[in-house]
Amino acid sequence: QKVEWLYAFDIHCNAFFPLFIVLYVVQYFVLMFLLTDHAVATLLSNTLYGGALSYYCYITFLGFDILPFLQHTVVFLYPIALVGVGFVLLMLFRINITHVSVERYYYSW
């Protein structure tokens, strides 16, 4: 089962655009709140990342599921379970993923 690479790239671009909007544009406008040490900020931050990553997997699934010759495309939905487990773990340990990503982006040498 082969898929033309331009079609696969188009699926990736269509799935990446909402992720980009959420993690770069929306997050930018609420960044000052997300970097605080409140539990609500941690919840919103982890929800933004979890929702964006889950939506990326879902849109990828929809793009490949429409092809009649592909089978077992449901495997593109499996990473959503990992995102859910990661979300729960991050909330249990009170890790704000926005804070981690900003530190890594700006303060890592």
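The values are calculated or read from the model by the stated rules, or taken from the named source; none is laboratory data. Everything numeric in this text was worked out from a predicted model, so none of it was measured. Using ideal geometry, Cβ is built from the backbone for each residue, glycine included, and neighbour counts are taken over all protein chains shown. Accessible surface is based on the protein model in full, side chains and every heavy atom, while ligands, DNA and RNA are left aside. Shrake-Rupley method; radii C 1.70, N 1.55, O 1.52, S 1.80 Å.
Could you tell me what percent of the accessible area of the chain is made up of carbon and sulfur, with a 1.4 Å probe and every protein chain present? Before the final figure, lay out the partial values.
Values: 5700 of 7920 Å².
Summing carbon and sulfur atoms, their accessible area is 72 percent of the total for the chain.
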ask   = Cα centroids of the stretch 1-44 and the stretch 73-90: how far apart, whole angstrom?
value = 15 Å
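If the only charges are +1 at each Lys and Arg Cβ and -1 at each Asp and Glu Cβ, what is the size of the charge dipole of the chain around the Cα centre, to the nearest 20 debye?
On the way: 3 positive and 5 negative charges, 31 e Å.
Charge dipole, the chain, about its Cα centre: 160 debye, nearest 20.
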request  = State the label only: which of [x] 2, 10, 13, 14, 15, 16, 14, 9, 5, 3, 1, 0; [y] 2, 13, 24, 24, 19, 11, 5, 1, 0; [z] 2, 12, 18, 19, 17, 12, 9, 6, 3, 1 corresponds to P(r) over Cα pairs in 5 Å bins from 0, in percent computed from the shown model?
outcome  = [z]
Cβ-based charge dipole, the chain, positive-most Cα from 98, 39, 11 = 39
inquiry  = Just the number please: accessible area per residue for the stretch 39-109, 1.4 Å probe, all protein chains included, in Å².
reply    = 69 Å²
message = If I take every Cα pair under 8 Å that is 6 or more residues apart in the chain, average their sequence separation and divide by the length, what percent do I get for the relative contact order?
response = 32 percent
